[in-house]
Amino acid sequence: MSISSNLVKFMLKAYNEQVPHFTIHDLRRTARTNFSELTEPHIAEIMLGHKLPGVWSVYDKHTYIEEMREAYGKWWARLMSIIEPDVLEFTPRQAG
């Protein structure tokens, strides 16, 4: 999922928010920094859409789906602890 810079600028303007020099890459940087606290570095890289480096990607064909699911769950809990709980409701689907 990608978010365009124009959409973010529109939302900030609509809510009359002032954010100095904001780019979409700032969201990726924030997410990656937080992922480092929630999971192993290679899982965090995969969550950002990066490939594993060097021969690691050649020999390691594990998908890390469960590890990412766990990390995304922790990330969601962290986000929900920051924003108002009644602003956004979300019920995760069960795999399968």
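Taken over segment 17-47, the criterion of being of a type in the set (A, V, I, L, M, F, W, C) and loosely packed, with under 12 Cβ neighbours inside 10 Å is satisfied by Val19 alone. Enumerate the pairs (first residue in segment 6-33 and within 21 Å of Trp75 (Cα to Cα); second residue anywhere and modelled with pLDDT of 80 or more and assigned to a loop (DSSP other than H, G, I, E, B)) with beta-carbon separation below 6 Å, excluding pairs fewer than 6 apart on the same chain, so at least 6 apart or on different chains. That search, which allows pairs on different chains as well, returns Arg32/Leu48.
The criterion of at least 1 residues that are at pLDDT 90 or above, in contact with an Asp or Glu (Cβ under 6 Å, 6 or more places away or on another chain) and of a type in the set (Val, Ile, Thr) is met, among helices (runs of 4 or more DSSP H) falling completely within segment 17-96, by 41-47. Each residue in segment 30-59 was checked for being over 17 Å from Ala71 (Cβ atoms) and of a type outside the set (Ser, Thr, Tyr), and 6 of them qualify.
If the requirement is being more than 11 Å from the chain's Cα centre (by Cα) and among the aromatic types (Phe, Trp, Tyr), which of these qualifies: Tyr64, Tyr72? So that I can check it myself, show each step before the final result.
Details: Tyr72 fails: more than 11 Å from the chain's Cα centre (by Cα).
Result of the check over Tyr64, Tyr72: Tyr64.
Looking at segment 34-58 only, could you name the residues that are over 21 Å from Gly73 (Cα atoms) and in contact with a helix residue (DSSP H, G or I) (Cβ under 7 Å, 6 or more places away or on another chain)?
Lys51, Leu52
The values are calculated or read from the model by the stated rules, or taken from the named source; none is laboratory data. Quick caveat: nothing in here was measured; it's all calculated off a predicted structure. A quick note on method: Cβ atoms are made from the backbone with ideal geometry, for glycine too, and the neighbour counts reach across all protein chains shown.
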